[in-house]
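> Below is one structure. I have some questions about it.
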Amino acid sequence: MVSPTSLAVTMSAPPPPSAFGPTVDVRLSYGPLLIGVFFNMILFGVLAAQQLTYFQTARKDPLWMRILVWGVFIVETANTGFDMYIIYQPLILTYGGIPNDLPTLFVTQPMCVMLVAFPIQLFFLWRIRTLTQNTLLPGVILLFALVAFGGGVWTTAMVPIVAKFRNIPQLYRSAEVWLIASGVTDICIAVSLAVALRSKKTGFAPTDSVVDKIIRMTVQTGMLTALFSILDVVCFLTLRGETVNFIWNIPLSKLYSNCLMSTLNARTHFNRRMDVGVSGSSGGRQANVMLSGTGVSMPAFASDRDAKAQETTTFGQEDTVHVSEGQLQFGGIRMTKIVERV
């Protein structure tokens, strides 16, 4: 028989320790990381499909542009592998342990975002310079991009110093600089490209339709990356001590790269629309449309009676764009390459 005293002692004794260590609620430590990695891998699949499309359709791009595209893809492939290990380490290798040290490869996350975002932002600044023939506006936006790049370098350098989850608040200052400047850069690029493209509208329905679509893509993609940057920094600063911000931060580089690739791959679609629109408007005759660096020159279609007559309005003199039978080129770049920001 068990005495009442010994039974009371047994019932009041603490439960034996788990074979896997103490039970800890890791939902707000590893949960956002896992969700962010899920989004990142899904977007990598989209990026791989876009990369294949680019390989098949854009073989005439200049060498520097192809280097940019493939360089971004290589970084993104490495980033996907790094992120898989970032979540594999705490959930498998150290399963059941108390969240303490940051994953070993955690430093690669801000580094990869920085290495992808900055070149893509420079690419769209080049687009703005090409469209506007103005160096002041892209130069001002470049300052914000450089601040964002510096903040990314600062954050990357701080990660090994922080090293532990409980020290993440030490990243607040560098993350503020990085993400706020990056968001401002993306918004400025989107708005600048939209305004510049709007100024290219000529009243000629086929080209105006294409320009309208490009403007919509510009605003949508540019604002998307800016939104994720802003959500990242807001969650980082308001939910202090948690990792909810990584839902937005981990897939951020994939958003930049997918915006770049959707911009480049959309050129084929826009060219088809240009071909159909010009053919329908001209009745099969040749149309000559010229966009200068600062404006548009639009010769009227020649009729049988007035084959040599032209009605031309010229707003600029550099980087003339020629369209012949629906093909539009801008300083050696097709009209559909004058595409939106990421």
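The values are calculated or read from the model by the stated rules, or taken from the named source; none is laboratory data. No experiment lies behind these values; they were computed from the predicted model shown. Positions of Cβ are generated from backbone atoms using ideal geometry, with glycine treated the same way; all protein chains shown enter the neighbour counts.
> Is segment 39-62 home to any residue that is surrounded by fewer than 19 Cβ atoms within 10 Å (Cβ to Cβ), small (Gly, Ala, Ser), at pLDDT below 90 and over 21 Å from the mean Cα position of the chain (by Cα)?
No: segment 39-62 contains no residue that is surrounded by fewer than 19 Cβ atoms within 10 Å (Cβ to Cβ), small (Gly, Ala, Ser), at pLDDT below 90 and over 21 Å from the mean Cα position of the chain (by Cα).
> Filter segment 144-158 for residues that are of a type outside the set (Phe, Trp, Tyr) and either modelled with pLDDT under 90 or closer than 16 Å to LEU115 by Cα (or both) and give the result.
ALA145, LEU146, VAL147, ALA148, GLY150, GLY151, GLY152, VAL153, THR155, THR156, ALA157 - these are the residues of segment 144-158 that are of a type outside the set (Phe, Trp, Tyr) and either modelled with pLDDT under 90 or closer than 16 Å to LEU115 by Cα (or both).
> Just wondering, is there one or more residues in segment 95-102 that are in a helix (DSSP H, G or I) and more than 27 Å from LEU142 (Cα to Cα)?
no
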